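Values quoted throughout were computed directly from the atomic coordinates according to the rules given, and no laboratory measurement underlies them. None of the values given here were measured: they were computed from a predicted structure. Please note: Cβ atoms are built from the backbone with ideal geometry, for glycine as well, and neighbour counts cover all protein chains shown.
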Amino acid sequence: MELRVLKYFLAVAQEGSLTAAARRLRITQPTLSRQLKELEDELGRQLYTRGSHHVSLTADGLLLRKRAEEIMDIVGKTKTEFESAHEIAGDIYVGGGESEAMSLLANVIGIFRKKHPNVKFHLFSGNAEDVMERLDRGRLDFGVLIQPVDISKYDSLPLPVKDTWGLLMRDDHPLATKTEITPADLQGLTLLFSRQVLSHGDTHNPCLEWIGKTIDELDIAITYNLIFNAALLVRAGVGCAVTLDKLVNTTTQSDLCFRPFSPRLESSLDIVWKKHQVFSSAAAAFLEEVRLNLCQDISGN
């Protein structure tokens, strides 16, 4: 399987048309069709179906598109690393969930960019599962993970902050008059829950422990991975969201409010990377910048 042919296949997938893809690639349509036919023969799978004016990917084609995009990302990343091997330049890929703690990393990125303006950062937002998948496939250099999550397979640094759990609700909700939310308050509510919290596996999960044995009695009507769309459902009166503090600006969005859990429940955060990772010069320098700025905060220096 040649990279050139994967590039051809991705062009067809993105354009949705052999004619448009051939024009973009600056090759003839018969040549493109022949290359794709050879790719299908090599894989033993039909990758697309042709309509009168467009092509549609089959299930196998969709899978190949995902894998081909990952491969081309890694190829581009590797090329950039070699081109910038003797200088602090290139690309750094960072993924993380929604957390105010990301502002710490943002400050480090700002400091680093002033020293090394030829480095570009690429940010990916997702829950822990999304970030870990990209880390494992080499599509991210670093990930910021919010507990609960098993980070034992990664090297890591703890961030010197913690996020506070609580309930996001409309400001006209009966519980909005309270200053804190107890486990008993969740009974009878329609709830929106982070999928990361619910799919904890064998990982120690303080959030579920805080709720206790009544978790199976709760009306968890909706799960989400990022809070933005979930907050829209809260605003629409669909339910209340179990989430972290300061992800939704309840000052500017005054129709919503956040109340912390009692007893207080906090989650720590870590910046992680693959064990035995061979970093580019830019990624290695950035990790040292993180250590310099954040590890000092952790030690209190």
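Points worth noting:
- At 0.692 mPa s and 37 °C, Stokes D of segment 15-147 from Kirkwood alpha-carbon radius, µm² per second: 184
- From phi via Karplus (6.51, -1.76, 1.60), per-residue ³J(HN,Hα) for segment 126-142 in Hz, x at Gly/Pro: x, 7, 4, 4, 4, 5, 5, 4, 5, 4, 5, 8, x, 8, 10, 7, 9
- Gained length - LEU226 relative to HIS276, 0.36 nm times residue gap less alpha-carbon distance: 15.0 nm
- Alpha-carbon gyration tensor eigenvalues x 5, square-rooted, for the chain, Å: 41, 28, 17
- Cα gyration tensor shape for segment 162-267, rounded if a/c is under 1.5, else prolate or oblate: rounded
- Couplings for segment 3-15, taken from phi via the Karplus curve 6.51 cos²θ - 1.76 cosθ + 1.60 with θ = phi - 60°, read 4, 4, 5, 4, 4, 4, 4, 5, 4, 5, 4, 6, 7 Hz in order; Gly and Pro are left as x.
- Annotation: amide H of ILE181 within the under-5 Å range of PHE261, SER262, sequence separation 5 or more or interchain, hydrogens built in the peptide plane.
- Potential extension, HIS53-LEU123 segment - 0.36 nm per residue separation minus Cα distance: 21.6 nm
- Hypothetical label at ARG23: residues of segment 52-73 whose amide nitrogen lies under 14 Å (7 Å Cα-Cβ projection): 53-54
- Over the chain: helical MRE at 222 nm, DSSP H runs n ≥ 4 each giving -39500 (n - 2.57), nearest 500: -11500 deg cm²/dmol
- Working from Cα pairs under 8 Å separated by at least six residues, relative contact order for segment 60-175 is 28 percent.
- Label-point gap, in nm, between ARG264 and GLN187 - each point 7 angstrom along Cα→Cβ: 2.7
- Ranking THR251, LEU226, PRO206 by how far each Cα lies toward the positive end of the dipole of segment 162-267 (charges on Cβ) leaves THR251 at the top.
- Net dipole in debye of segment 3-72 [+1 Lys, Arg Cβ; -1 Asp, Glu Cβ; about Cα centre; nearest 20]: 260
- Rounded to the nearest 20 debye, the dipole size of segment 162-267 about its Cα centre is 200 debye, using +1 on the Cβ of Lys and Arg and -1 on the Cβ of Asp and Glu.
- Taken one residue at a time, the phi angles of segment 277-285 give Karplus couplings (6.51, -1.76, 1.60, θ = phi - 60°) of 5, 9, 7, 5, 4, 5, 5, 5, 5 Hz. Gly and Pro are set to x.
- Flagged links, alpha-carbon separation over 20 Å, of LYS7/LYS275; LYS77/LYS120; LYS77/LYS274; LYS77/LYS114; LYS77/LYS153; LYS7/LYS37: LYS7/LYS275; LYS77/LYS114; LYS77/LYS153
- Segment 199-271 and segment 161-194: distance between their alpha carbon centers, rounded to Å: 8
- Take every Cα pair under 8 Å whose residues are at least 6 apart in sequence, average their separation, divide by the length of segment 123-228, and the relative contact order is 30 percent.
- Using C-alpha pairs under 8 Å with a sequence gap of at least 6, the mean separation divided by the residue count of segment 3-72 gives a relative contact order of 35 percent.
- Simple label model, 7 Å out from Cα along Cβ direction - SER152 to ILE74, nm: 2.6
- Residues in segment 229-255 that a label on ASP172 would reach, taking backbone N under 19 Å of a point 7 Å out along Cα→Cβ: 231-241, 250-255
- Given R0 = 41 Å, the distance between the Cβ atoms of VAL238 and PHE82 translates into a calculated FRET efficiency of 0.25.
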